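Visitor: Here it is: the structure, laid out below.
The values are calculated or read from the model by the stated rules, or taken from the named source; none is laboratory data. The shown structure was predicted, so the numbers you read here are calculated from the model rather than taken from an experiment. Positions of Cβ are generated from backbone atoms using ideal geometry, with glycine treated the same way; all protein chains shown enter the neighbour counts.
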Amino acid sequence: MQVEIWSDVVCPWCYIGKRRFETALGRFAHADEVEVTWRSFELDAAAPRRPLGTLDEMLARKYGVTAAQAATMNARVTTEAAGEGPAYRLDLAQPGNTFDAHRLLHLAADRGVQGALKERLMAAYFTEGLGVGDSAALVPIAVEAGLDEQEVRGVLAGDAYAEAVRDDERRGAGFGIRGVPFVVVDERYGVSGAQPPDAFLKVLEQAWTASRPLTMVGGSAKAGACEGDACAVPAQ
């Protein structure tokens, strides 16, 4: 079963949603037959590589609120995250352009370590205050996740995987995805937002059942059966 998750590495609800989805997957009886792929989504494709002010200040500008109101928004999401495990330090966060981070996630997918890099990038941004828009910070993060340093540097120095990121974004737009996290199962079922684990588990189970209809086997053509309020008696 194919699960694709559109998200950004600087989206606070995406990290929360990641944890909740993982909880659901851990409770899913067929988890070993689920392939999870992380798809690219940029919250702000025009963002500079390095932050212009604090996260509170950025949110205040983006939503037209005061710095105090932005701080309250960040405090709320920090509390939500703590319930799922990650200890957010949004006071240290360095918001920046995530295009290169998404390109590295595509490299990681090709090398079989995409899940590890996704987790490492989000932990770096949300709990360690590392700038995931900065190439100098991305290199050690990617290496810690299992990628080769020279290959990482080569990708960052050129435009490798740029079109793959754009393809993800175009495909997401085709599905009608306007916000993240957004989970797509077998290209048939969509779940928007950082839903509770039960919601993710329900869609996994529904998709599993739908993809495996019953196949009729054996049995006698003369066997008795009831349908509705009528029961047929087989001829002797």
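Visitor: Out of (1) surrounded by 15 or more Cβ atoms within 10 Å (Cβ to Cβ); (2) in contact with a helix residue (DSSP H, G or I) (Cβ under 8 Å, 6 or more places away or on another chain), the odd one out for Thr127 is which?
Guide: Checking Thr127 against (1) surrounded by 15 or more Cβ atoms within 10 Å (Cβ to Cβ); (2) in contact with a helix residue (DSSP H, G or I) (Cβ under 8 Å, 6 or more places away or on another chain), the one that fails is (2).
Visitor: Confirm whether Arg178 is within 24 Å of Val77 (Cβ to Cβ) and basic (Lys, Arg). Quick ask: steps written out before the conclusion?
Guide: Values: within 24 Å of Val77 (Cβ to Cβ): yes; basic (Lys, Arg): yes.
Here the answer is yes, as Arg178 does meet what is asked.
Visitor: So which residues in region 51-77 are more than 18 Å from Glu128 (Cβ to Cβ), outside any helix (DSSP H, G or I) and not small (Gly, Ala, Ser), if there are any at all?
Guide: Leu52, Val65, Thr66
Visitor: Still on this structure: Looking only at residues that are more than 20 Å from Trp13 (Cα to Cα) and in contact with a strand residue (DSSP E or B) (Cβ under 8 Å, 6 or more places away or on another chain) in region 27-85, which one is surrounded by the most Cβ atoms within 10 Å (Cβ to Cβ)?
Guide: Val34
Visitor: Next question, about the same structure. Can you tell me how many residues within region 5-48 are part of a strand (DSSP E or B) and over 17 Å from Met122 (Cβ atoms)?
Guide: Looking only at region 5-48, we keep the residues that are part of a strand (DSSP E or B), and these are 5-7, 35-40.
Imposing the further condition that a residue be over 17 Å from Met122 (Cβ atoms) reduces the set to 35.
The qualifying residues number 1.
Visitor: Would you call Glu187 in contact (Cβ under 8 Å) with a residue 60 or more places away in the chain and surrounded by 14 or more Cβ atoms within 10 Å (Cβ to Cβ)?
Guide: Considered against the rule, which asks whether it is in contact (Cβ under 8 Å) with a residue 60 or more places away in the chain and surrounded by 14 or more Cβ atoms within 10 Å (Cβ to Cβ), Glu187 comes out as no.
Visitor: Something else about it: What number goes with the only condition from (1) under 13 Å from the mean Cα position of the chain (by Cα); (2) closer than 19 Å to Glu169 by Cβ that Ala45 does not pass?
Guide: (1)
Visitor: Tally up the residues in region 132-173 that are in contact with a His (Cβ under 9 Å, 6 or more places away or on another chain) and of a type in the set (Ser, Thr, Tyr), please.
Guide: Of the residues in region 132-173, 1 are in contact with a His (Cβ under 9 Å, 6 or more places away or on another chain) and of a type in the set (Ser, Thr, Tyr).
Visitor: Which members of region 108-124 meet the condition of being hydrophobic (A, V, I, L, M, F, W, C), in a helix (DSSP H, G or I) and either in contact (Cβ under 8 Å) with a residue 60 or more places away in the chain or surrounded by fewer than 23 Cβ atoms within 10 Å (Cβ to Cβ) (or both)?
Guide: Of region 108-124, the ones hydrophobic (A, V, I, L, M, F, W, C) are 108-109, 113, 116-117, 121-124.
This time we only want the ones that are in a helix (DSSP H, G or I), so: 108-109, 116-117, 121-124.
Correct list: Ala109, Ala116, Leu121, Met122, Ala123, Ala124.
Visitor: Please determine, by comparing only the residues of region 147-165 that are assigned to a helix (DSSP H, G or I) and free of Cβ contacts under 8 Å to residues at least 40 places away in the same chain, which one is nearest to Ser40 (Cα to Cα).
Guide: The qualifying residue nearest to Ser40 (Cα to Cα) is Glu163.
Visitor: Among the residues in region 78-85, are any in contact with a Gly (Cβ under 6 Å, 6 or more places away or on another chain), modelled with pLDDT of 95 or more and either farther than 20 Å from Thr23 by Cα or in a loop (DSSP other than H, G, I, E, B) (or both)?
Guide: First pass over region 78-85, keeping only residues in contact with a Gly (Cβ under 6 Å, 6 or more places away or on another chain): none.
So far as region 78-85 goes, no, none of its residues is in contact with a Gly (Cβ under 6 Å, 6 or more places away or on another chain), modelled with pLDDT of 95 or more and either farther than 20 Å from Thr23 by Cα or in a loop (DSSP other than H, G, I, E, B) (or both).
Visitor: Moving on. Which condition from (1) under 19 Å from Glu4 (Cα atoms); (2) part of a helix (DSSP H, G or I); (3) under 17 Å from the mean Cα position of the chain (by Cα) is the one that Ile177 breaks?
Guide: (2)
Visitor: When you look at Ala93, is it under 17 Å from the mean Cα position of the chain (by Cα) and either buried (at least 17 other Cβ atoms within 10 Å of the Cβ) or in a loop (DSSP other than H, G, I, E, B) (or both), yes or no?
Guide: Spelling it out, it is not the case that Ala93 is under 17 Å from the mean Cα position of the chain (by Cα) and either buried (at least 17 other Cβ atoms within 10 Å of the Cβ) or in a loop (DSSP other than H, G, I, E, B) (or both).
Visitor: Looking at region 134-145, I want the residues that are of a type outside the set (Gly, Ala, Ser) and at pLDDT 95 or above and have a partner that is part of a helix (DSSP H, G or I) and surrounded by fewer than 20 Cβ atoms within 10 Å (Cβ to Cβ) with Cβ atoms under 6 Å, at least 6 apart or on another chain. Which pairs are those?
Guide: Pairs that qualify, where the first residue is of a type outside the set (Gly, Ala, Ser) and at pLDDT 95 or above and the partner is part of a helix (DSSP H, G or I) and surrounded by fewer than 20 Cβ atoms within 10 Å (Cβ to Cβ), are Val143/Glu149.
Visitor: Can you list residue pairs whose Cβ atoms sit under 7 Å apart, with the first residue in region 37-61 being touching a residue at least 60 places away in the same chain (Cβ under 8 Å) and the second being among the hydroxyl-bearing types (Ser, Thr, Tyr) and not in a loop (DSSP other than H, G, I, E, B)? Count only pairs 6 or more apart in sequence or on different chains.
Guide: Trp38/Ser7; Phe41/Ser7
Visitor: Another question, then. Would you confirm, using the coordinates I've provided, whether Arg178 is modelled with pLDDT of 95 or more and not β-branched (Val, Ile, Thr)?
Guide: Details: modelled with pLDDT of 95 or more: yes; not β-branched (Val, Ile, Thr): yes.
Yes; evaluated as a whole, the condition is true for this residue.
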